[in-house]
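J.: Quick one: the structure is below, and I'll ask about it shortly.
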Amino acid sequence: MASVARVVLRGRVSGESYEAVAVALDSHQEAVAEIVEKLFVDPELLKSVALVHDKFKPATMRLEARGGEQRVGFKGHPYMLSFTDFENTGAGYSVADVAVATAIGRLHHFINVRDVDSFVYTMALAKSYLDSRGAHVKLSDLKKRVLHGLLILHVADMVAGFAEQALLENTGEAELYDTESLEAVEPHLPLSMTISFAGDGAELRVVLHGLSDVLRGGVLENGASFDLNYQVCKGTLHVLGGTGRAVFEPDSCTTRVIHVSVVHKRRLINEKLIRGKTELVM
């Protein structure tokens, strides 16, 4: 059975089996890690988080009724992630790094302005882990690193997820995702995205705003460009009787490449101002 990051149903085959198309879980995790590496600070630690942040998905995939439609969702939460997931990577992380990585991975799918309890509980757990190993880290420093990491992982995951959903829906031209609109799904994330398709490839344009504290040097002024490689698989989704749990059996997989170009809004504003001054002089 293939581990998948997201699935779109194409139609019922028979009983509780459905024709489906999916993005491989490994592809999603590697894409998030690639975005983190190309755009953000502290990339090595956060790449490790990106490569395990959805490790619980294969066990929690479910078929759900949403708005009168059958859709695939993932119930459960990343509290399955533990400190040992990062202790055992062989990367030689410090105790503080392990605490930060675990907190980010566990909070990623939950933290928002209303989810104070999960944040407080996770901070207490991370601080307890540090104290038990004789590592003194100020709570304010721990909170700052975790919140920065959460912001980075949220942004990288949203960019990857937007690209993947467009691949699966295969609509040719995806809708604009713009966090400056009140209609945005995740209005707290400072980015806008558009995607267009040409043949087997796609061009994803990302505009960032803010984030100056967490962007890598050069991204703010010069932007960045890179490719994301995805395994997109056609197959059958089976719902296991009485459990609601679903598994995906792939029949065929193809590699799809998405070229990503990233620019910061500050650069766009500066270019517009320069053009305006040039037009005035002329």
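J.: With V49, V21, V7, V36 as the choices, which residue is out of contact with any helix residue (DSSP H, G or I) (no Cβ under 7 Å at 6 or more places or on another chain) and crowded, with 18+ Cβ neighbours inside 10 Å?
T.: Working: V49 fails: out of contact with any helix residue (DSSP H, G or I) (no Cβ under 7 Å at 6 or more places or on another chain); V21 fails: out of contact with any helix residue (DSSP H, G or I) (no Cβ under 7 Å at 6 or more places or on another chain); V36 fails: out of contact with any helix residue (DSSP H, G or I) (no Cβ under 7 Å at 6 or more places or on another chain).
Criteria check complete, one pass: V7.
J.: If I filter the range 149-188 down to residues being among the small types (G, A, S) and either modelled with pLDDT of 90 or more or within 17 Å of the chain's Cα centre (by Cα) (or both), which single residue comes out as farthest from V214 (Cα to Cα)? Spell out how you get there, then give the answer.
T.: First, pick out the residues of the range 149-188 that are among the small types (G, A, S): 149, 156, 160-161, 163, 166, 172, 174, 181, 184.
Next, from what is left, pick out any that are either modelled with pLDDT of 90 or more or within 17 Å of the chain's Cα centre (by Cα) (or both): 149, 156, 160-161, 163, 166, 184.
On the way: G149: 9, A156: 12, A160: 18, G161: 20, A163: 22, A166: 27, A184: 22 Å.
Of everything passing the filter in the range 149-188, A166 is farthest from V214 (Cα to Cα).
J.: Give E221, E249 a once-over and let me know the one that is closer than 26 Å to S17 by Cβ and surrounded by fewer than 18 Cβ atoms within 10 Å (Cβ to Cβ). I'd like the intermediate steps shown before the answer.
T.: On the way: E221 fails: closer than 26 Å to S17 by Cβ.
Result: E249 is the single residue among E221, E249 that is closer than 26 Å to S17 by Cβ and surrounded by fewer than 18 Cβ atoms within 10 Å (Cβ to Cβ).
J.: Just checking, which of D85, D117, D97 is among the acidic types (D, E) and either under 23 Å from S27 (Cα atoms) or in contact with a strand residue (DSSP E or B) (Cβ under 7 Å, 6 or more places away or on another chain) (or both)?
T.: On the way: D117 fails: either under 23 Å from S27 (Cα atoms) or in contact with a strand residue (DSSP E or B) (Cβ under 7 Å, 6 or more places away or on another chain) (or both); D97 fails: either under 23 Å from S27 (Cα atoms) or in contact with a strand residue (DSSP E or B) (Cβ under 7 Å, 6 or more places away or on another chain) (or both).
Checking each option against the conditions leaves just D85.
J.: V72 is checked against (1) surrounded by fewer than 17 Cβ atoms within 10 Å (Cβ to Cβ); (2) out of contact with any Ser or Thr (no Cβ under 9 Å at 6 or more places or on another chain) and fails just one. What number does that condition carry?
T.: For V72, the exception is condition (1).
J.: Between a residue in the range 78-92 that is at positive phi and any residue that is modelled with pLDDT under 85 and among the β-branched types (V, I, T), which pairs come within a Cβ distance under 8 Å, given they are 6 or more apart or on different chains?
T.: Listed pairs, sorted by first residue: none to list.
J.: Hey, another quick one. Just the residues that are modelled with pLDDT under 85 and more than 16 Å from the chain's Cα centre (by Cα), please, taken from the range 189-208. If you could, list the steps in order and put the result at the bottom.
T.: Here is the first cut: in the range 189-208, the ones modelled with pLDDT under 85 are 189-192, 198-201.
Passing the criteria: A198, G199, D200, G201.
J.: Among what's in the range 83-140 and is among the polar types (S, T, N, Q) and modelled with pLDDT of 90 or more, pick the residue that is surrounded by the most Cβ atoms within 10 Å (Cβ to Cβ). Step through it out loud before you land on a result.
T.: Initially, the range 83-140 is screened for residues among the polar types (S, T, N, Q), giving 84, 88-89, 94, 102, 112, 118, 122, 128, 132, 140.
Next cut, modelled with pLDDT of 90 or more only: 84, 94, 102, 122, 128, 132, 140.
Details: T84: 10, S94: 12, T102: 25, T122: 20, S128: 11, S132: 10, S140: 7.
By that ranking, first place goes to T102.
J.: Now, a different point. Give me the pairs: first residue in the range 240-256 and at positive phi, second residue in a strand (DSSP E or B), beta-carbon distance under 7 Å, and six or more apart or on different chains, which are they?
T.: G244/R62; G244/L63
The values are calculated or read from the model by the stated rules, or taken from the named source; none is laboratory data. Values in this document were obtained by computation on a predicted structure and should not be read as measured data. Neighbour counts are summed over all protein chains in view; Cβ atoms, including those assigned to glycine, are modelled from backbone coordinates with ideal geometry.
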